[in-house]
Amino acid sequence: MSADFARPVARSGLNKRPVFDPALVACPDCDLLQRLPEVPAGSTACCARCQARLWRHKTDSLNRTLALAVAAALLLVIANSVPMLGLSVAGRAASTTVLGGVLAMWDDGRQTVAMLVLFTAVIAPALEIACLLAVSLAVRRPPAPQWAGTLLRGYEVLREWSMIEIMLLGVLVALIKIAELATVIPGLAMFVLGTLVFLLAAMAATFDPRDAWARVAWAAGESLRQAPGLARAAEDKR
Amino acid sequence: MSAVPASARSLGLAGCEVCGLVSRLPPGKSAAHCPRCGERLHFRRRASVESCWALVIAALILYIPANLLPVLTTYTPLGVETDTILQGVVELWSPSSWPLAIIVFVASITIPLGKLIALAYLLITVQRGSIQSTVQRARLYRMVKFIGRWSMLDVFVDTFVVALVQLKPLMWVAAGPGVIFFAGVVVVTMIAVNCFDPRLIWDLPEKENDVRQRSPA
Ligand SMILES: [Zn+2]
Ligand SMILES: [Zn+2]
């Protein structure tokens, strides 16, 4: 894959060397080529044609993401180690955790479904948090190593498959369903998961992938890129 | 840059789908690697329409057993009872829990079917080269992508009902075969949405505009 790298787009016609133009974007939803406006922190830049969100400029993205990711990691561990639901009927009691649900499906002969639940409710959220944790630490001193880029790319995929909020609603419905048959006791994990849903949403909303990508070392080698600040300074001197 | 809106492709540029960097593809080539993240760069996702159609049809086929086969089998001293997804919704309907019944109905029946209809509509309009209601179609695509995950709800409901109600021999619940097909529908439709390249919606209107602007008034 070393041979056919595409060329970065030149910043200006005057400068013959290819200089990475950080403000140039092609809308991912409609391919309209446009220049990102200087958006103040906290605001969003949208595509002029299809209104897709192009960039949400975040305040202090790295530190806040790191803090939220640490908290989320902690809550995820707790949520998976304490009971989520308890039940009692006719003097008998039972309780289950998130992993207990996976195991029950597995034992019931529905291994595919068990793996899907395991992935969407435990593995994907855990990896999603781990990715952001590692990225928000790694990109502090640019250029960050290439693996930070790999994690960033994994994060985008995992985000779609991490379904804690849907699982929590599912548990709630299950609870109501079972309430007809037996007495149900919500466990500690339910409240922890409820908090985790908000933390994960906040984490995703605070993270600024554009900013992180700008700090990652280039696959084609650093020679192709020039820091935008440097490029501007070089042009000024001329 | 000219004042006329132009797509990156018409200028020989491609935006990376992973990192967002815009780069110039080597002349005559339709694919290369992104210099920043190393991802394969292309103007449009390869075989987007064909693979999306294939997945939509696969999901439609899975949708039938997912709704006809039972998802839960309840064993009680009073007897054995099997529930399909729809029966589960009906049972959940009560003066106190009807809002949840509506949520489950929407997530398990409306969303998967709506998603398939929406994707088919997007695919057909792209194939016929429609130039109408592009903004609405772009919005529809984003909505389908955003809401689609929620149809996993019923898989989670069934999982935790089965996990908790295991009081053999008094009373227990087993998962029915419908769950597998239903999970299949959810996964396949999620992949189908990701196969569709929303940029296709805008490709033809753009060409049409070019022709209009170039032709003498
Ligand atoms: Zn756009
Ligand atoms: Zn890239």
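Label sites at B:I147 and B:T110, each approximated as a point 7 angstrom past Cα along Cα to Cβ, lie 0.7 nm apart. The ranking of A:K58, A:K177 from fewest to most other beta carbons within 10 Å of each one's beta carbon is A:K58, A:K177. Please state the shape class of the range B:1-43: rounded when a/c is under 1.5, otherwise prolate if a/b exceeds b/c and oblate if not, all from the C-alpha gyration tensor. Note, shape of the range B:1-43 comes out oblate.
For the residues B:F182, B:F196, B:F146, A:F119, what sequence is obtained by ranking on other C-beta atoms within 10 Å, fewest first? Final ranking by Cβ density, sparse to dense: B:F146, A:F119, B:F196, B:F182. Given R0 = 41 Å, the distance between the Cβ atoms of A:I78 and B:Y121 translates into a calculated FRET efficiency of 0.40.
Quote the FRET efficiency, to the nearest 0.05, computed for B:S133 versus B:L86 with a Förster distance R0 of 41 Å and r equal to the Cβ-Cβ distance. Plugging the Cβ-Cβ distance into 1/(1 + (r/R0)^6) gives 0.80.
With each label modelled as a point 7 angstrom along the Cα→C-beta vector, the A:F191-B:L204 pair spans 5.7 nm.
Debye-formula intensities of chain B, expressed as log10 I(q)/I(0) at q = 0.16 Å⁻¹, are -1.07 (one equal scatterer per alpha-carbon, no solvent). Panel order for B:I131, B:I85, by other beta carbons found within 10 Å of each beta carbon, from fewest to most: B:I131, B:I85. Stretching the chain fully between A:A23 and A:V70 yields a gain of 13.8 nm (0.36 nm per residue, less the alpha carbon separation). Treating r as the C-beta distance of B:S10 and A:L137 and R0 as 41 Å, the FRET efficiency rounds to 0.50. Simple spin-label estimate for A:M115 and A:S43 gives 4.9 nm between the two label positions (7 Å along the Cα-to-Cβ direction from each Cα).
Is it possible to state the helix-based mean residue ellipticity at 222 nm for chain B, with each DSSP H run of 4+ residues giving -39500 (n - 2.57), the sum divided by total residues, to the nearest 500 deg cm²/dmol? What is it?
On the way: 8 runs with 113 residues, N = 217.
Dividing the helical sum by the residues of chain B leaves -17000 deg cm²/dmol.
Rounded to the nearest 20 debye, the dipole size of the protein assembly as shown about its Cα centre is 2020 debye, using +1 on the Cβ of Lys and Arg and -1 on the Cβ of Asp and Glu.
Read the figures in this text as sums done on the coordinates, not as results from a lab. From a predicted model like this one, the values you see are computed outputs, not experimental measurements. FYI the Cβ positions are ideal-geometry reconstructions off the backbone, even for glycines, and counts take in every protein chain you see.
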